[in-house]
Amino acid sequence: MIIYLDNCCYNRPFDDQTQERIHLESEVILTVLKMGQMKQVVIAGSEILKLEMSRMQDNDKKQKVIDLYRVASMHIPYTEKIKKRSEDIMSVSKIRAFDSLHIASAEEAGADIFLTTDDRLEKMAEKLELGTRVVNPLRFAWEVI
């Protein structure tokens, strides 16, 4: 199984863990990353993820996020094909640029699952025909783990 996590997933373990949902999502994300370390799944990453991470303002959090990202064993470069697919996604939905680039990168990776903690993105993606399934980590855990 190939799993693509968006930037919000890599950030989740460093968010306010006193909120139950955030804590549970963090646990699932860390479990998925551990599965990647143990080669039980493939964690796909992309140039888009690296770019988004590089733009983080909090340097301490940025370094922690980059450290988690090192688990990714597949890296998808930014290409014209990804740009075009992103534009196609944006033209038929209200999905924003970075999110559509992540989806296009996940599709290019052949990802079975695209994990996001963004409820709005998950709902919008459900209405589209995508080459990867966009799912919240809690739903993923309930269905798969």
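Which FRET efficiency value, to the nearest 0.05, is calculated for residue 57 and residue 94 with the Förster distance at 22 angstrom and r the Cβ-Cβ distance? Given R0 = 22 Å and the Cβ-Cβ separation, E is 0.30. On the principal axes of its alpha-carbon atoms, segment 61-145 has extents of 34, 30, 24 Å, going from largest to smallest.
Close lysine pairs were tallied over the chain: pairs 8 or more places apart or on different chains with Cα atoms under 26 Å apart number 28.
Please work out whether segment 41-81 counts as rounded, prolate or oblate from its C-alpha gyration tensor, where a ≥ b ≥ c are the square roots of the eigenvalues and a/c under 1.5 means rounded, while otherwise a/b larger than b/c means prolate and anything else oblate? Don't jump to the answer; show the numbers that get you there.
Numbers: a/c = 4.41, a/b = 1.36, b/c = 3.24.
Verdict is oblate for segment 41-81.
Contact order, relative form, for segment 2-143: 29 percent (alpha carbon pairs under 8 Å, 6 or more residues apart, mean separation divided by residue count). Angle of helix 59-69 to the longest C-alpha principal axis of the chain, folded into 0 to 90 degrees and rounded to 10: 80°. Available extension along the chain between residue 64 and residue 50 is 3.7 nm, counting 0.36 nm per residue and deducting the alpha carbon span. Among rounded, prolate and oblate, which fits segment 3-48 when a ≥ b ≥ c are the square roots of the eigenvalues of its C-alpha gyration tensor, a/c under 1.5 means rounded, and a/b larger than b/c means prolate? It comes out oblate by the Cα gyration axes. A straight chain from residue 87 to residue 21 at 0.36 nm per residue would run longer than the Cα-Cα distance by 20.5 nm. How about segment 63-138: which GluC sites (Glu not before Pro) there are in a DSSP loop, with at most 15 other Cβ atoms within 10 Å of their Cβ? Sites meeting the loop and neighbour criteria: 129.
Convex hull of alpha carbon positions in segment 2-143: directionally averaged projected area 8.0 nm². Using just its DSSP H runs of length 4 or more, each adding -39500 (n - 2.57), the chain gives a mean residue ellipticity at 222 nm of -16500 deg cm²/dmol after division by all residues. Database remark: amide H of residue 113 closer than 5 angstrom to the amide H of 2, 4, 133 (H placed geometrically; neighbours at sequence offset of 5 or more, or on other chains; Pro and chain starts carry no H).
Every read-out reported here was derived from the displayed coordinates using simple, explicitly stated rules and does not represent laboratory data. Please read all numbers here as calculations on a predicted model, not as lab measurements. When we count neighbours, we look across all protein chains shown, and the Cβ atoms used for this are built from the backbone with ideal geometry, even at glycine.
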